[in-house]
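Colleague: Structure incoming, see below.
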Amino acid sequence: MRCTLFSQPAFARVGFTPLLLIGTCLLTACGSIVEQQSSEHDFTLAIAHINDHHSNLSAKQQISLRLAGEFTDVEVGGFPRVAAKIASLEQQHQHFLKLHAGDAITGDLYYSLFQGDADAHFMREVCFDAFVIGNHEFDDGDAHLANFLRTLRDDDCRTPVISANIQPEIGTPLAENELWELFSPYVIHQLGEHQVGIIGLTVAQKTKQSSQPLASTVLHDEVETARFYIEELRQLGIGKIVLLTHYGYDNDIALAQQLPEVDVIVGGDSHSLLGNFTEVGLTSDGDYPTMVTNQDGDPVCIVQGKDYSQVVGELIVHFSGDKVAHCEGRPHLLVGSNFNRNGVAVSDEDTQKIQQFIKQSATLSLVKPEPRLQSLLESYSVRIDELAAQSIAMVPERLCRMDPGIAREQSCGEATQSDLHSVVSEAFLRQSRHADIALQNGGGVRTDLPAGELSIAQVYQLLPFSNTLFHLEMTGDEIKQVLEDAIGYSQTLGGSLGAYPHGAGIRFDVDLTAADNNRVSRLEVFQQGEWQPLRAEQSYIVVTNSFIASGQDGWATFADIVASGRYQDTYINYAQAFIDYAQQQKVLERPDPSRHSTRRIRLTQ
């Protein structure tokens, strides 16, 4: 039996004033296998956790992992496997919590078509013991988030939704009648004779800058909010404190060191892979669990579980009194049972070797999808096939993709710049909500768009890769240099014409006959309703796709910016960004040539 208590305090001024404590009991069955308590520990808590699944309900196909010594393509993850693994872990532990660290929605076709209903359905089946609101939960505003939170609850599962530092204005969708109407700052779980308090924290600045909460919705400082509610829990006699954060791995480490009393941080937002995955050919971001000390000098266990329904973390925390004695556990990268090498299914003998390797692995788990949820997923997939064919916008004239030096078809008009690259860049700029300039590589746009109705299926042919939108903080000089990088690579023997840059909010001249680093001139940015010179020392925010943000396709200066830490992965799928833009515009017109990124291209002497 588990009793869950919801606190109902109110914010006041910069600080907070506690009001009334209201208790609500949730009765659930414990696991059938009883976990034995060690004699030197008073209490052992097991936590299964995920984060940042971003509407990725289906498994990832053909992920390459080094299995039994050779790189092998295998299916990974999917929510039916997440549910199966969590159910299996629940049977192994006496005192067990299921936590989701935010960003459940936006980022995949399941969200584009079902607007969070599919995610809520699958999350109800797992029935998490707490879910913290992530920044992307606000991508479509407070009203949409309120609908999602209502859909997340049903008669069988009422997942506690928490975030201590979000303060909606009373009378707005998230607080129509009172402040803590749809979510609470924390939840208290009764596990046997022990109480565990879980405080929710949502990344503040990113949510305000890169998502769409109402202007009246306040996001308070994460550290001060956590400190306030830790003290409130202590006054209630709660000594075992978990922070469920959507704040980022590095931020979680810094947060733990600034706070008293905190024991565990289960995080999200940075999509961090923790644990030793070297043997399977993956690079991790830190240890699982990562151990630091809090302000009191006591241990804090920090974990995170990658993203996209691929990893279920299993954290085991041993308490001595109200302090952590030690933590252990492992991340479970969920893999399927079909293995291919070089496009060919492996032999039965090699399959047995791979399965034995997985069984002995500290990071991989061979998991069959939960049958009922797999059937549910397939029913959604059938609807996706139907809905993806529906129109989301009209294209009055054919929109053409074109590379410099290639003859333009008559149906594409006389301009020398690619219509479609300009439209794609404009979509990224608009959906970024934060950038000054958008830049896109030519090879990232794969097809023309014919005149007529535009479907979601066509968008995924247009932008078929698993890219997200990146924000890069760059000076004018660095922007000029990355354009020179890309153009130079597009003209280099052994390079790629697909590196050629296109953009929105920026325009420039190109002379392909000039020497390296001297091909771009007359750079201007569109600001305050007019074109202005790009200033060498001024800082700008550039939105681009994650592929070239990593320096691929010759965009070398982008890699330097990322290495310096001046970047943010929005985790907005770039095809989803284009879909949202098209639905908003309703009609995708051929762009005005005056807004094209390249005004004049000199191709020959």
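The values are calculated or read from the model by the stated rules, or taken from the named source; none is laboratory data. The model shown is predicted, which means the values in this text are computed figures rather than measured ones. Don't worry about glycine lacking a Cβ; one is built from the backbone with ideal geometry, like all the others, and counts go over all protein chains shown.
Colleague: Can you tell me which of Val510, Val525, Val459 is in a strand (DSSP E or B), aliphatic (A, V, I, L, M) and either in contact with a Lys or Arg (Cβ under 7 Å, 6 or more places away or on another chain) or within 23 Å of Lys586 (Cα to Cα) (or both)? Show your work before the answer.
Modeller: Details: Val525 fails: either in contact with a Lys or Arg (Cβ under 7 Å, 6 or more places away or on another chain) or within 23 Å of Lys586 (Cα to Cα) (or both); Val459 fails: in a strand (DSSP E or B).
Of the residues listed, the single one that is in a strand (DSSP E or B), aliphatic (A, V, I, L, M) and either in contact with a Lys or Arg (Cβ under 7 Å, 6 or more places away or on another chain) or within 23 Å of Lys586 (Cα to Cα) (or both) is Val510.
Colleague: Further question: Using the structure shown, decide if Leu113 is within 23 Å of Ala146 (Cβ to Cβ) and either out of contact with any Ser or Thr (no Cβ under 7 Å at 6 or more places or on another chain) or not β-branched (Val, Ile, Thr) (or both). Full working, then the answer.
Modeller: Values: within 23 Å of Ala146 (Cβ to Cβ): yes; either out of contact with any Ser or Thr (no Cβ under 7 Å at 6 or more places or on another chain) or not β-branched (Val, Ile, Thr) (or both): yes.
Yes, satisfied.
Colleague: Still on this structure, I have one more. Being closer than 23 Å to Ser163 by Cβ and within 17 Å of the chain's Cα centre (by Cα), is that true of even one residue in segment 60-70?
Modeller: As a first pass, look at segment 60-70 and keep what is closer than 23 Å to Ser163 by Cβ: none.
Looking through segment 60-70, none of the residues is closer than 23 Å to Ser163 by Cβ and within 17 Å of the chain's Cα centre (by Cα).
Colleague: Right, something else. Could you look through segment 74-116, keep only residues that are among the charged types (D, E, K, R) and under 18 Å from the mean Cα position of the chain (by Cα), and pick out the one that is modelled with the highest pLDDT?
Modeller: That would be Asp103.
Colleague: Could you please find all residues in segment 581-605 being surrounded by fewer than 20 Cβ atoms within 10 Å (Cβ to Cβ), farther than 15 Å from Asp419 by Cα and modelled with pLDDT of 80 or more?
Modeller: Gln583, Gln584, Gln585, Lys586
Colleague: What do you reckon, is Ser347 surrounded by fewer than 13 Cβ atoms within 10 Å (Cβ to Cβ), of a type in the set (S, T, N, Q) and within 18 Å of Thr72 (Cβ to Cβ)?
Modeller: On the way: surrounded by fewer than 13 Cβ atoms within 10 Å (Cβ to Cβ): yes; of a type in the set (S, T, N, Q): yes; within 18 Å of Thr72 (Cβ to Cβ): yes.
So Ser347 passes the test.
Colleague: Among the listed residues Val542, Val562, identify the single one that is out of contact with any His (no Cβ under 6 Å at 6 or more places or on another chain), over 16 Å from Leu483 (Cβ atoms), assigned by TED's automatic domain parsing to the domain that holds Gly442 and not in a loop (DSSP other than H, G, I, E, B). Spell out how you get there, then give the answer.
Modeller: On the way: Val542 fails: over 16 Å from Leu483 (Cβ atoms).
Sole residue among the options that is out of contact with any His (no Cβ under 6 Å at 6 or more places or on another chain), over 16 Å from Leu483 (Cβ atoms), assigned by TED's automatic domain parsing to the domain that holds Gly442 and not in a loop (DSSP other than H, G, I, E, B): Val562.
Colleague: Can I ask one more? Report, by residue number, each residue of segment 122-136 that is in contact with a Ser or Thr (Cβ under 8 Å, 6 or more places away or on another chain) and either part of a helix (DSSP H, G or I) or not assigned by TED's automatic domain parsing to the domain that holds Tyr380 (or both). Explain how you work it out, then say what you get.
Modeller: Here is the first cut: in segment 122-136, the residues in contact with a Ser or Thr (Cβ under 8 Å, 6 or more places away or on another chain) are 123-124, 127-136.
Those that are in contact with a Ser or Thr (Cβ under 8 Å, 6 or more places away or on another chain) and either part of a helix (DSSP H, G or I) or not assigned by TED's automatic domain parsing to the domain that holds Tyr380 (or both): Met123, Arg124, Asn135, His136.
Colleague: Looking at segment 545-559 only, could you name the residues that are part of a helix (DSSP H, G or I), farther than 22 Å from Gly134 by Cα and not β-branched (Val, Ile, Thr)? Can you show your working first?
Modeller: Let us first name the residues in segment 545-559 that are part of a helix (DSSP H, G or I), namely 546-549, 552-554, 556-559.
So of that shortlist, the ones also farther than 22 Å from Gly134 by Cα come out as 547-549, 552-554, 556-559.
Scanning segment 545-559 gives Phe547, Ala549, Gln552, Asp553, Gly554, Ala556, Phe558, Ala559.
Colleague: Assuming Cys157 fulfils every condition listed in (1) hydrophobic (A, V, I, L, M, F, W, C); (2) buried (at least 24 other Cβ atoms within 10 Å of the Cβ); (3) in contact with a Lys or Arg (Cβ under 6 Å, 6 or more places away or on another chain) apart from one, which condition is it?
Modeller: Of everything listed in (1) hydrophobic (A, V, I, L, M, F, W, C); (2) buried (at least 24 other Cβ atoms within 10 Å of the Cβ); (3) in contact with a Lys or Arg (Cβ under 6 Å, 6 or more places away or on another chain), Cys157 misses just condition (2).
Colleague: Which condition from (1) modelled with pLDDT of 95 or more; (2) over 17 Å from Asn545 (Cα atoms); (3) among the aliphatic types (A, V, I, L, M) is the one that Ala389 breaks?
Modeller: With respect to (1) modelled with pLDDT of 95 or more; (2) over 17 Å from Asn545 (Cα atoms); (3) among the aliphatic types (A, V, I, L, M), Ala389 is out only on (1).
Colleague: Any idea which of Phe508, Phe526, Phe470, Phe547 is in the same structural domain as Tyr571 (by TED's automatic domain parsing), closer than 23 Å to Val423 by Cα, aromatic (Phe, Trp, Tyr) and surrounded by fewer than 19 Cβ atoms within 10 Å (Cβ to Cβ)? Spell out how you get there, then give the answer.
Modeller: Details: Phe508 fails: surrounded by fewer than 19 Cβ atoms within 10 Å (Cβ to Cβ); Phe470 fails: surrounded by fewer than 19 Cβ atoms within 10 Å (Cβ to Cβ); Phe547 fails: surrounded by fewer than 19 Cβ atoms within 10 Å (Cβ to Cβ).
Criteria check complete, one pass: Phe526.
Colleague: Before we move on, is Gln205 surrounded by fewer than 16 Cβ atoms within 10 Å (Cβ to Cβ), within 23 Å of Asp252 (Cβ to Cβ) and in contact with a strand residue (DSSP E or B) (Cβ under 9 Å, 6 or more places away or on another chain)? Please lay out each step first, then the result.
Modeller: Values: surrounded by fewer than 16 Cβ atoms within 10 Å (Cβ to Cβ): yes; within 23 Å of Asp252 (Cβ to Cβ): yes; in contact with a strand residue (DSSP E or B) (Cβ under 9 Å, 6 or more places away or on another chain): yes.
Taking the combined requirement at face value, the residue satisfies it.
Colleague: Working only within segment 419-464, note down all residues that are more than 24 Å from the chain's Cα centre (by Cα), of a type outside the set (A, V, I, L, M, F, W, C) and surrounded by 24 or more Cβ atoms within 10 Å (Cβ to Cβ).
Modeller: If the condition is that a residue be more than 24 Å from the chain's Cα centre (by Cα), of a type outside the set (A, V, I, L, M, F, W, C) and surrounded by 24 or more Cβ atoms within 10 Å (Cβ to Cβ), then Asp419, His421, Ser422 are the ones that fit.
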